[in-house]
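Read the structure below first, then the notes.
The values are calculated or read from the model by the stated rules, or taken from the named source; none is laboratory data. Here the structure is a predicted model, which means the values were calculated and not measured. Backbone-built Cβ (ideal geometry, glycine too); neighbour counts: all protein chains shown.
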There are 2 protein chains.
Amino acid sequence: MNQLEDLLEFVRIDTTSAKGKGEEGAKFIKDYMERHGIEARLIRHQSKNPYVYGEINVKAKRTLLVYNHYDVQPVEPLDRWESDPFTPVMKEGKIVGRGVGDDKGSLMARLQGILEMEKLPSLNLKFIYEGEEEIGSPNIDSFLKDYKDLLKADYVLWEGAGKGSSGAPEIVLGVKGLLYVEISTRTAKDLHSMYAPVAKNPAWKLVEVLSSLKRDGKVAVPGFYDKVKWLTKEEVSFLKGDKKSMEEAISQEVPEDFQRRLVEEPTCNIAGLYSGYTGEGSKTVIPSYAMAKLDFRLVPEQDPDEILNSLKSYLRDVDIRVLGRVRPYRTSINSEVARCLIDSAKEVYGMDPEVLPNSYGTGPMESFARILENNQIADGIGVDYPGSNIHSFNENIFVQDYLKAKEWMRSFVKRLAQL
Amino acid sequence: MNQLEDLLEFVRIDTTSAKGKGEEGAKFIKDYMERHGIEARLIRHQSKNPYVYGEINVKAKRTLLVYNHYDVQPVEPLDRWESDPFTPVMKEGKIVGRGVGDDKGSLMARLQGILEMEKLPSLNLKFIYEGEEEIGSPNIDSFLKDYKDLLKADYVLWEGAGKGSSGAPEIVLGVKGLLYVEISTRTAKDLHSMYAPVAKNPAWKLVEVLSSLKRDGKVAVPGFYDKVKWLTKEEVSFLKGDKKSMEEAISQEVPEDFQRRLVEEPTCNIAGLYSGYTGEGSKTVIPSYAMAKLDFRLVPEQDPDEILNSLKSYLRDVDIRVLGRVRPYRTSINSEVARCLIDSAKEVYGMDPEVLPNSYGTGPMESFARILENNQIADGIGVDYPGSNIHSFNENIFVQDYLKAKEWMRSFVKRLAQL
């Protein structure tokens, strides 16, 4: 086993699920597991990209299920990458390439962490790798229902929280939910803009509709905040976060209470806009079509279906197409899985980890909790840091963080085995 | 001379000035004129596409300058065309192809109209064909200044008004102006949308800025309407326009006073919008860039420079790039050129023409008036109709209208010669 070469080989495979890619990456990781003595297989469920399942059964009393995803986000805009996204490079102690931070690096670090143990702990291990996380896990619910017995476990380790902006390792006990929609407006045909005094313009209609979604910086969809569980004082006290490094990470100033906002606030984000002529120079046209991609990031206990219904009632005369829907989730900080993660982090990093009641981002954690009837799901043992540029160009991780994650994995499973 | 084959051959040449094309079309029309005994040449001025100049000097007292343009609009969206835009087809009495309506058809009909005359009238003829009209004629002013003597004339015939929605031939005595800008907002880099609670989103900023440009359907840029010369009752009485055929032409309902609005009202049109991820599926990203292309259609006596300054003061924190700037213009209905056009239209079509104080659209007419010191500039003798889809897909004209335009040209020049 070559510590980094394996990861680089994995990153070289384009697994952009939004573009229908992934199969090759699934086969790679299945073969990799088999080559290292783990029973593994592809599960061709209703999803386009197969699930990869692996198992190390040591006949222990307890079982840990490790979840990761092998698909990645689209790489556009390509011209902003300093190197080809699928040709990973080592540079200044870092590895740069699409997916090294989210989520191939964490997947591989955990797997290698286990494979490098001299003696396996008394804990059964199950690995489940998804190929559709980056498009909102549209098939995870039916998959979990159909494979509920196979995936039965006492604990679930989530996809991989890395270092927070405070520099401490992060433990995350939940996820935000998501409602991703494409809204669009149309007329019969493009028109010369000389007709503007009397013709409808879908782009203006879109601007009007988008404007109506925000008021004073807050989301204006009726009832949007009704079910938000605002953080308790105790939960807030566990938050850290370093303002300066967060500002460096996103290249913008952030407010003093940035960490609380990132955890607690639901959002409505414009992820894409398109209408009419966007090429070089000018074209005097009234477009026949205008489109916006919107992601609503939701927090416990907001329900994406309820938000969608509210949105549909609120927005008139536009088409709304749903592209993703994920519920938010939180696990208790007093659970066994949370305690073992906290203690192992202290041991390996020599400092208190930061504990977030939920991540800034999304994953299908609520589906696992609900369908697998498991309320010990937590995240940690990841390779990324705030400057990893995940979902953006020049995605990268530190080699050092990759190696530490392997150590953390070993310490964590030993503690679970001793419970 | 083959009546229609010559036009089809001309249309086959891609002269999309927004994409840097045109040279080949210029050479074609220069060769065509020379082949038919007209002294012609390309003038390589500061423009990318050369001007084509032709002359028939019969040593008459008076001179008519005929203006047309050989460049065309971009053809996108290509998938909406029923046939290839540069492979013109004859269908149901029509010719379909990019540029047949705007402006290659009118250019060719006038030229053939003259060439087919048994005896040339006692009127000197000058032809000037531009290759940058569709990108806002950025070099026309300096060209006219440098070639003022060459282009000296008593009358100017503009690019070609065809049939109005009333079915009557149209005479147009002016043009709207234009201010075309690209406004954009930026941050340092694309971000994962999980940062939305604290990060700036240029797309939201753009929506906010665009919203601020309209209020109650009117343009909200301060002072925008200050210099508008609203139509007099007399001018309004010359307007016709058929509501039903206008609605068919643009596939939308229009208000009762549509014709007045189309002539009289200045507008702010969104011609293009772009930000973030616009491909298939979903990408949860905060874009680092958002852009809108806007065309302001101006009426006499609005000044594009003044409107631009007002816009710059009004919009904060956005980049404004100017892509086009044309002043509006009107000629008197009592001028000789207007009277000859009206009388010849009556003769050829057997009905009163519709007379518009200015067109719905734009052209560099004001530059001709100001620089050539000529206040007898009028439009007519065109081949298009309201369903021509100019600037859109499936651009087309009726063969019958093409042939009639040639007749009108002959009657017009005879009348001018007899003044």
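Here A:GLY167, A:GLY131 are screened, and the one residue that is over 19 Å from the mean Cα position of the chain (by Cα) and farther than 19 Å from A:ARG297 by Cα is A:GLY167.
Restricting B:LEU323, B:LEU341, B:LEU416, B:LEU372 to residues that are within 30 Å of B:MET291 (Cβ to Cβ), modelled with pLDDT of 90 or more and of a type in the set (A, V, I, L, M) narrows the list to B:LEU323.
Please find, within segment A:200-223, the residue that is nearest to A:GLU265 (Cα to Cα) out of those that are of a type in the set (S, T, N, Q) and touching a residue at least 12 places away in the same chain (Cβ under 8 Å).
Looking only at segment A:200-223, we keep the residues that are of a type in the set (S, T, N, Q), and these are A:201, A:211-212.
Next, from what is left, pick out any that are touching a residue at least 12 places away in the same chain (Cβ under 8 Å): A:201, A:212.
Working: A:ASN201: 34, A:SER212: 19 Å.
Here the residue is A:SER212.
None of A:LEU298, A:LEU239, A:LEU262 is more than 10 Å from chain B (Cβ to nearest Cβ), under 21 Å from the mean Cα position of the chain (by Cα), buried (at least 24 other Cβ atoms within 10 Å of the Cβ) and more than 30 Å from B:ASP295 (Cα to Cα) except A:LEU298.
Tally the residues that are within 14 Å of chain A (Cβ to nearest Cβ), assigned to a strand (DSSP E or B) and over 21 Å from the mean Cα position of the chain (by Cα), restricting the search to segment B:71-91.
0
Specify the residue that is farthest from A:VAL209 (Cα to Cα); the eligible residues are those in segment B:213-227 that are in contact with an Asp or Glu (Cβ under 9 Å, 6 or more places away or on another chain) and in a loop (DSSP other than H, G, I, E, B). Residue satisfying both the conditions and the ranking: B:LYS227. Among the residues of segment B:399-415, those that are closer than 22 Å to B:GLU82 by Cα and surrounded by fewer than 20 Cβ atoms within 10 Å (Cβ to Cβ) comprise B:VAL399, B:GLN400. If you go through segment B:177-195 and keep only what is in contact with a helix residue (DSSP H, G or I) (Cβ under 9 Å, 6 or more places away or on another chain) and either more than 7 Å from every other protein chain (Cβ to nearest Cβ) or of a type in the set (A, V, I, L, M) (or both), you end up with B:GLY177, B:LEU178, B:LEU179, B:VAL181, B:ILE183, B:SER184, B:THR185, B:ARG186, B:ALA188, B:LEU191, B:MET194.
Of the residues B:LEU173, B:LEU210, B:LEU144, the single one that is surrounded by 24 or more Cβ atoms within 10 Å (Cβ to Cβ) and at pLDDT 95 or above is B:LEU210.
Residue-by-condition table, conditions (1) farther than 18 Å from A:TRP204 by Cα; (2) touching a Lys or Arg at 6+ places or on another chain (Cβ under 8 Å); (3) surrounded by 24 or more Cβ atoms within 10 Å (Cβ to Cβ); (4) more than 12 Å from chain B (Cβ to nearest Cβ):
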residue	(1), (2), (3), (4)
A:PRO287	no, no, yes, no
A:ASN309	yes, no, no, yes
A:ASP319	no, yes, no, yes
A:PRO328	yes, yes, yes, yes
A:SER332	yes, no, no, yes
A:ALA338	yes, no, no, yes
A:ASP343	yes, yes, no, yes
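Among residues of segment A:130-143 that are more than 14 Å from chain B (Cβ to nearest Cβ), those with a Cβ under 7 angstrom from a residue that is modelled with pLDDT of 90 or more and assigned to a helix (DSSP H, G or I), sequence gap 6+ or separate chain, pair up as A:GLU130/A:ILE140; A:ASP141/A:ILE371. Each residue in segment A:103-142 was checked for being among the aliphatic types (A, V, I, L, M) and more than 15 Å from A:ARG410 (Cβ to Cβ), and 4 pass. Within segment B:260-276, residues that are outside any strand (DSSP E or B) sit with their Cβ atoms under 7 Å from residues that are buried (at least 23 other Cβ atoms within 10 Å of the Cβ) and of a type in the set (D, E, K, R), at 6+ positions apart or across chains, in these pairs: B:PRO266/B:ARG297.
When we screen B:VAL236, B:VAL228, B:VAL209, B:VAL254 for residues that are under 30 Å from B:ARG186 (Cα atoms) and of a type in the set (Val, Ile, Thr), the only hit is B:VAL209.
Every residue, every condition in (1) in the same structural domain as B:PRO386 (by TED's automatic domain parsing); (2) touching a residue at least 24 places away in the same chain (Cβ under 8 Å); (3) not basic (Lys, Arg), yes or no:
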site: B:LEU191; (1), (2), (3): no, yes, yes
site: B:MET194; (1), (2), (3): no, yes, yes
site: B:VAL198; (1), (2), (3): no, no, yes
site: B:LYS233; (1), (2), (3): no, no, no
site: B:LEU239; (1), (2), (3): no, yes, yes
site: B:ALA249; (1), (2), (3): no, yes, yes
site: B:PHE258; (1), (2), (3): no, no, yes
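Of the residues screened, A:GLU118 is one that is over 19 Å from the mean Cα position of the chain (by Cα), more than 14 Å from chain B (Cβ to nearest Cβ) and more than 25 Å from A:ARG12 (Cβ to Cβ). Taken together, the criteria exclude A:VAL348 from residues that are among the β-branched types (Val, Ile, Thr), away from chain B (no Cβ under 13 Å), out of contact with any Lys or Arg (no Cβ under 6 Å at 6 or more places or on another chain) and crowded, with 24+ Cβ neighbours inside 10 Å.
A single entry from B:SER142, B:SER184 fulfils the requirement of being within 30 Å of B:GLU24 (Cα to Cα) and among the polar types (S, T, N, Q): B:SER142. When B:PRO353 is tested against the conditions (1) at pLDDT below 95; (2) more than 14 Å from every other protein chain (Cβ to nearest Cβ); (3) surrounded by fewer than 24 Cβ atoms within 10 Å (Cβ to Cβ), the lone failure is (3).
Based on what the data block shows, is A:THR267 β-branched (Val, Ile, Thr), surrounded by 17 or more Cβ atoms within 10 Å (Cβ to Cβ) and within 14 Å of another protein chain (Cβ to nearest Cβ)? Step through it out loud before you land on a result.
Working: β-branched (Val, Ile, Thr): yes; surrounded by 17 or more Cβ atoms within 10 Å (Cβ to Cβ): yes; within 14 Å of another protein chain (Cβ to nearest Cβ): yes.
So A:THR267 passes the test.
Considering segment B:361-419 alone, what residues qualify as being of a type in the set (Phe, Trp, Tyr) and under 18 Å from B:GLY177 (Cα atoms)?
Of all residues in segment B:361-419, those of a type in the set (Phe, Trp, Tyr) come to B:368, B:385, B:393, B:398, B:402, B:408, B:412.
Across segment B:361-419, the qualifying residue is only B:PHE368.
Select, from A:ASN68, A:ASN57, the only residue that is touching a residue at least 40 places away in the same chain (Cβ under 8 Å), polar (S, T, N, Q) and either within 14 Å of another protein chain (Cβ to nearest Cβ) or closer than 16 Å to A:TYR32 by Cβ (or both). Residue meeting the stated conditions: A:ASN68. Within segment B:198-207, being under 17 Å from A:TRP204 (Cα atoms) and more than 7 Å from chain A (Cβ to nearest Cβ) holds for B:LYS205, B:LEU206.
Which of the residues that make up segment B:244-259 are part of a loop (DSSP other than H, G, I, E, B) and facing another protein chain (nearest Cβ under 8 Å)? So that I can check it myself, show each step before the final result.
Residues of segment B:244-259 part of a loop (DSSP other than H, G, I, E, B): B:251-257.
Once the filter is applied, which keeps residues that are part of a loop (DSSP other than H, G, I, E, B) and facing another protein chain (nearest Cβ under 8 Å), segment B:244-259 yields B:SER251, B:GLN252, B:VAL254, B:PRO255.
The set of residues in segment B:15-42 being buried (at least 17 other Cβ atoms within 10 Å of the Cβ) and over 21 Å from the mean Cα position of the chain (by Cα) consists of B:PHE28, B:LYS30, B:TYR32, B:MET33, B:ILE38, B:ALA40, B:LEU42.
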